[in-house]
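Since the structure comes first, as structure tokens, the remarks are kept for the end.
The values are calculated or read from the model by the stated rules, or taken from the named source; none is laboratory data. These numbers come from a predicted model, not from an experiment. Don't worry about glycine lacking a Cβ; one is built from the backbone with ideal geometry, like all the others, and counts go over all protein chains shown.
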């Protein structure tokens, strides 16, 4: 009877508060420590509370959504930086386009790899529309890989940033040209101009 009331109260509390109540009950009565059925009931209630009361969704879903959001935000920022490289004033436009194109492809591949790995840490899609990856944890099992997931996301964001930075460095090495000032005579801006100035006539000696 008392246990039922306690669990009913527990289900209305936030995760941290619920844990405090359980610890107090365990220390004050010793019932939780000695009764396996009570332990199971309390553990289940705590999981339900921490999964639903604090965030209205399981911890694994929250972790996946945040990782997905952080990775995509980093990708978009790096992709915008790559797009701006097309504005560089270089003489070899073909090399510029090739450099930026390869970097963009590498950036997309890195994002896909990152999202797929996130799916192995959590439950759900592989970042794309595809079946659940092998090795994904059961949603009923407590999510304990948050630290590993955070490390992976940080490393992948750094990897995408490096791809963008390497592209910037490569473009910076390309020969540049000042806008509106062609390097060689005879280009459209020089049409009508003689290649060399005429030699003035010699003045007669008095």
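Beta carbons closer than 7 Å, at least 6 apart along the sequence or on distinct chains, pair a first residue in segment 142-168 that is within 17 Å of residue 61 (Cβ to Cβ) with a second that is at pLDDT 95 or above for 149/67; 153/67; 153/70; 153/71. Cβ-Cβ distances below 8 Å connect the following pairs, each with a first residue in segment 61-82 that is without any contact (Cβ under 8 Å) to a residue 24 or more places away in the chain, a second residue that is surrounded by fewer than 16 Cβ atoms within 10 Å (Cβ to Cβ) and outside any helix (DSSP H, G or I), and a separation of six or more residues or different chains: 62/55.
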